[in-house]
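The values are calculated or read from the model by the stated rules, or taken from the named source; none is laboratory data. Owing to the predicted nature of the structure, the values given are computational and were not obtained by experimental measurement. Every residue, glycine as well, gets a Cβ built from its backbone with ideal geometry; the counts of neighbours run over all protein chains shown. In case anyone asks, the SASA skips ligands and DNA or RNA and just uses the protein heavy atoms, side chains included. Shrake-Rupley method; radii C 1.70, N 1.55, O 1.52, S 1.80 Å.
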Amino acid sequence: MGLNEDWRRRSLAAVWHPCTQMKLHAPAGAAQPLVPIASAQGVWLHDYEGRRLLDGISSWWVNLFGHNHPAIREALTDQLSRLDHVMLAGLTHAPVVELSERLGALTGLGHAFYASDGAAATEIALKMSAHHWRNAGRPDKCRFVGVSGGYHGETVGALAVTDIPLFRQAYAPLLRLAATVPSPDARGAAAGEDAAAVAERAAAALGAWLAEHHAQTAAFIVEPLVQCAAGMAMHHPLYLRRVRELCTRYEVHLVVDEIAVGFGRTGSLFAHHQADIQPDFICLSKGLTGGTLPLSAVLCTDAVYAAFYDDEVARGFLHSHSYTGNPLACRAALATLDLFEQTDALRRNVEVAARLAAQFEPLASHPRVRHVRRQGMIFAWDIHSSLPDFARRYARHALAHGVLLRPIGHTLYAMPPYVISADEGEHLARGAMAALADTLAEETGGTARSGGGVDGV
Ligand SMILES: Cc1ncc(COP(=O)(O)O)c(C=O)c1O
């Protein structure tokens, strides 16, 4: 038995993999083969038998400067020799202080509160918002509103503002569901409408909703510019300007979830910068540590912080996680922020993204491709295919061509690490095209299996 097969078998016996119907991994002719990875370097993932795959989705959108980056590795090694971990309640340390100061300077918000995953950041922002209103003597403001197709994580609180039925259905009885308003997804343009008009229309729907419900609403949560899990649904920045105005008018917090789109992914350091707005809360994670360690942060306004600052303990934000502000994760984040400065990454990404767009041109002009779109280093194409399990089939073919690409439903997308070279871009673009041809060839083969599995993401 080969090494890969060995790890695959042991993993299937011992590990419950995330976001997966485990039966699809079942060894005999697996519809969704499990891929053992032994090591990673730059944009490449290496298996146990010397084969390599190009990480076209930055390992669930977390990696920015390539795997195993020497600067981040060095920072982590140094930190490990000083302080591995210490609780943050009642204690503090240089990495968490420095990171908080730098995130504050970059966002204009402050009082960084830490957790380990994106969903925990969502939970924190929602709890902080509702608790702020309670402390402000307005306890009725405890409901939330989000955007149709929005994704903010899958813990019970975060799932309540996540509008992806497949992820939510089974847990509906556990949730205190938030309201949803129409998405500003530019693909929803009616005849004669452009992206700005869709943004205005969607913002008007939020306005109508808030006019009726603002007295009970604590916060509106939105993924700025790109709703990634909805299938890279992109919108005009005007939407963010309008929702800022509405949230101010109706005294509702604006929470921007930059977990997937933050740290340069959309072309600016933070996506909401393109709308020139100041939110009340920002949720960060994923790229925060360059894709090395779990860390998330929530930053808020001074006004929110002030509502908790009191003689009474119960008016404080009594939320905690054991690994809050872990020094290693904070050092990885500091090294990542350094890399933005040292490599002039945002400016460089403009060139990298333009080069990739040219390399993806054959895909963009493929007759089965609709809604070609790009926002910074996020590329997406909707594929017209009759295969209900297009995503799964495509991902399998992509692996055979040496690329990790996992469409979401019928949306194929690429979100590679920023360090992708011209040759690597060529490999990615060619692999993406070849996998498309192989997948579409199965349409006529009569082998399409029905059943909407946990396709993509
Ligand atoms: C916009 C957004 N928010 C929240 C999350 C949840 O993050 P995590 O998976 O780290 O819990 C994700 C994850 O994909 C996301 O894309």
>> Checking the condition open to solvent by 30 Å² or more (accessible area, probe 1.4 Å), away from the ligand (no atom under 14 Å from the Cβ), part of a helix (DSSP H, G or I) and of a type outside the set (Asp, Glu), which residue from ALA208, ALA199, ALA203 passes?
In response: ALA208
>> Taking the conditions exactly as written (in contact with a His (Cβ under 8 Å, 6 or more places away or on another chain) and either touching a residue at least 24 places away in the same chain (Cβ under 8 Å) or more than 14 Å from the ligand (Cβ to nearest atom) (or both)), does GLU312 satisfy them or not?
In response: no
>> Given the criteria within 16 Å of the ligand (Cβ to nearest atom) and either in contact (Cβ under 8 Å) with a residue 40 or more places away in the chain or touching a helix residue (DSSP H, G or I) at 6+ places or on another chain (Cβ under 8 Å) (or both), does GLY149 qualify?
In response: yes
> Could you list, in sequence order, the residues of region 236-276 that are open to solvent by 10 Å² or more (accessible area, probe 1.4 Å) and part of a loop (DSSP other than H, G, I, E, B)?
Replying inline: HIS236, PRO237, TYR250, GLU251, ILE259, ALA260, GLY267, SER268, LEU269, ASP276
>> What are the pairs with Cβ atoms under 9 angstrom where one residue, in region 5-31, is on the phi < 0 side of the Ramachandran plot and the other, located anywhere, is exposed (fewer than 11 other Cβ atoms within 10 Å of the Cβ) and among the charged types (D, E, K, R)? Sequence gap at least six, or different chains.
In response: ALA31/LYS23
> Is one or more of the residues making up region 211-223 among the charged types (D, E, K, R) and open to solvent by 10 Å² or more (accessible area, probe 1.4 Å)?
Replying inline: yes
>> Take the conditions in contact with a His (Cβ under 6 Å, 6 or more places away or on another chain), assigned to a helix (DSSP H, G or I) and either crowded, with 17+ Cβ neighbours inside 10 Å or free of Cβ contacts under 8 Å to residues at least 60 places away in the same chain (or both) and apply them to VAL304. Does it pass?
In response: yes
>> Regarding region 126-135, can at least one residue be identified that is within 16 Å of the ligand (Cβ to nearest atom), in contact with a helix residue (DSSP H, G or I) (Cβ under 8 Å, 6 or more places away or on another chain) and among the basic types (Lys, Arg)?
In response: yes
> Of ALA422, ALA448, which residue is at pLDDT below 95, of a type in the set (A, V, I, L, M) and more than 15 Å from ASP55 (Cβ to Cβ)?
Replying inline: ALA448
